[in-house]
Amino acid sequence: MADETTPTPRADAAPPTLAIVVPCYNEEEVLPITAPLFDRKLVSLEEKGLCAKDSFVLYVDDGSTDATWTIIRALARQSEDRVRGARLSRNRGHQNALVGGLMEARGLADVTISIDADGQDDLDAMDAMLEAYRDGYEVVYGVRSDRSTDTAFKRGTAQAYYRFLSLLGADVVYNAADYRLASSTVLNEFAEFEEVNLYLRGLFPLVGFPSTTVEYARNERMAGESHYPLSKMMGLAFDGITSLSIRPLQIITGLGIAISIVSFIGVIWCVITALTGNTVAGWASTTSIVCFMGGIQLLCLGVIGTYVGKAYLETKARPRYIISERAGYDRR
């Protein structure tokens, strides 16, 4: 749900400097196709007066093993101060790469728009995002209005996941992706969040400030293969649940209390049955109870262990990303 705080319009303000932040991992096939689209979009936004002339695209290479960084450096050399590049020292994952790009851009731009490199997100939604920024909103979430390009399985599981997060008490925007506008004001406050286990779709609503949504239709990937197979999607989903809510631990506590009550009743029943001499050897019932209790215990230990592991990683306070190389900065 978007923040209902009343925004303060910026109707008379000068166009903001915009940084389009694009995390990339092994995108050598799609970048030559989408990079010109990003550049043309930037020109269009400037001509409409929605962003300043010194706006730029910032590509963040997440430790790619193909020619992605070579392409980014070439784009930076060929551009007229319109392209920058930052290369992480190793692959740290999409969320960390995105944070790295946002933190790079926050001191250089008034507003950022984060978007994936694959061309699936509608670039024209940027116009509406910047218009909302001009109306006073500090965060504008891109929300998918049409998921027809997704498989039925992905569409169904995604929608169920957002509903499940809401049931767990997590404050997330339904059907929102990492396609969002964030002002430098928001990013300066977001920099105070030091979590190592990142789930940006849940962290940005926690920052606050006036926010709204812009709907757009999601397209097919323009080239290459998705870097988010089912295993990674499930991992991101589980990270979102355990990073934003302790409700699973509360559910485990409730489950433990319920099973304890049932077990206590069962013990009383066993004692009464034994005293009345009606006991019958029951291998099946005993085995079922043992298997059931064993499964519940292992499940609970797994969930608790996940939270303990996340707490362990947080206490280390390791850097979320390290930038090893930059491109396109020397001309600014």
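Key figures for this structure:
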| read-out | value |
| --- | --- |
| Condition check for Thr213: within 24 Å of Gln120 (Cβ to Cβ) and either modelled with pLDDT of 75 or more or out of contact with any helix residue (DSSP H, G or I) (no Cβ under 7 Å at 6 or more places or on another chain) (or both) | yes |
| Candidates Ala52, Ala76, Ala13 - the one that is small (Gly, Ala, Ser), touching a residue at least 60 places away in the same chain (Cβ under 8 Å) and under 28 Å from Val207 (Cβ atoms) | Ala13 |
| Strands (runs of 3 or more DSSP E) completely within the range 1-114 that count 1 or more residues being more than 22 Å from Ser184 (Cβ to Cβ), of a type in the set (Lys, Arg) and touching a Ser or Thr at 6+ places or on another chain (Cβ under 6 Å) | 83-88 |
| Test set (1) modelled with pLDDT under 85; (2) out of contact with any Lys or Arg (no Cβ under 6 Å at 6 or more places or on another chain) - Leu130 fails condition number | (1) |
| Some residue of the range 137-156 being at pLDDT 65 or above, in a helix (DSSP H, G or I) and touching a helix residue (DSSP H, G or I) at 6+ places or on another chain (Cβ under 8 Å) | no |
| Filter pass, Cys51 being assigned by TED's automatic domain parsing to the domain that holds Gln120, of a type outside the set (Asp, Glu), more than 24 Å from Arg90 (Cβ to Cβ) and under 26 Å from the mean Cα position of the chain (by Cα) | yes |
| Residue match in the range 23-45 (condition: surrounded by fewer than 13 Cβ atoms within 10 Å (Cβ to Cβ), charged (D, E, K, R) and either assigned by TED's automatic domain parsing to the domain that holds Thr212 or within 20 Å of Tyr179 (Cβ to Cβ) (or both)) | yes |
| Given (1) surrounded by 17 or more Cβ atoms within 10 Å (Cβ to Cβ); (2) aliphatic (A, V, I, L, M); (3) modelled with pLDDT of 75 or more, number of the condition Val172 does not satisfy | (3) |
| Asp62 vs. criteria assigned by TED's automatic domain parsing to the domain that holds Ala35, over 26 Å from Glu215 (Cβ atoms) and touching a His at 6+ places or on another chain (Cβ under 9 Å) | yes |
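The values are calculated or read from the model by the stated rules, or taken from the named source; none is laboratory data. Bear in mind that the values here come from a model prediction, so they are computed numbers and not experimental data. Reconstructed Cβ throughout: ideal geometry from the backbone, glycine too, with neighbour counts over all protein chains shown.
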